[in-house]
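As structure tokens, the structure follows; a few thoughts come after it.
The values are calculated or read from the model by the stated rules, or taken from the named source; none is laboratory data. Here the structure is a predicted model, which means the values were calculated and not measured. In this analysis, Cβ positions are derived from the backbone assuming ideal geometry, glycine residues included, and neighbour counts consider all displayed protein chains.
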Amino acid sequence: MATNVVVDRRRFSRETRRLALAGILGPPFFVIVFLVLGFIKPGYDPVVRFVSEGSIGELGWIQIVNFLVFGATLLVFSLALWQGFGPRLSGRIGSVLIGIVGVGALAAGVFVADPDSQIIGKPGLVQRVMIIVVWTWLTILALRLWRASTPQRTVP
């Protein structure tokens, strides 16, 4: 038995819609920027290297800004979800998880990766820990959303 989600459009203010739009446009923009960086930055290939390694050396500031913008868009998206879903528990959980991923992306911009996938200093270590946190929360979020979207079986 599938449940229908009823959306009260009056609850969605113009501000909430703008915040949601920023969160929707942020991830594709992030991917486009690191792929273009792979074409223009010598010695960096995002297909073979970690995306965070784009923040090292020449033109590294582009990837740093990319992480910061990406993190900010995820944070405003989580705020839009929080406002849009109201007091529903599933909306609150999703909002918090996306907000955690946003904080992780901001941290990836602040703490630059160490070269050649080695952990040399504290910024590289913090960056690696944040990568683990972000991917763990993204996995939990995906599983949670998948479970919420799957119709529940009832035993006769």
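When segment 30-84 is filtered for residues that are of a type in the set (Val, Ile, Thr), in a helix (DSSP H, G or I) and more than 14 Å from the chain's Cα centre (by Cα), the ones remaining, listed by number, are Ile32, Val33, Val36, Ile40, Ile62, Ile64, Val65.
In segment 35-58, what residues are at positive phi and surrounded by 12 or more Cβ atoms within 10 Å (Cβ to Cβ)? Lay out the reasoning, then the answer.
The first filter runs over segment 35-58 and keeps only residues at positive phi, leaving 43, 57.
Selection gives Gly57 alone.
Residues in segment 61-94 that are small (Gly, Ala, Ser) and either touching a His at 6+ places or on another chain (Cβ under 8 Å) or surrounded by fewer than 19 Cβ atoms within 10 Å (Cβ to Cβ) (or both): Ala72, Gly86, Ser90, Gly91.
A quick yes/no check of all residues on (1) at pLDDT below 80; (2) hydrophobic (A, V, I, L, M, F, W, C); (3) within 21 Å of Val134 (Cβ to Cβ):
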residue: Thr3; (1), (2), (3): yes, no, no
residue: Arg10; (1), (2), (3): yes, no, no
residue: Ile24; (1), (2), (3): no, yes, yes
residue: Pro28; (1), (2), (3): no, no, yes
residue: Gly38; (1), (2), (3): no, no, yes
residue: Lys41; (1), (2), (3): no, no, no
residue: Phe50; (1), (2), (3): yes, yes, yes
residue: Ser55; (1), (2), (3): no, no, yes
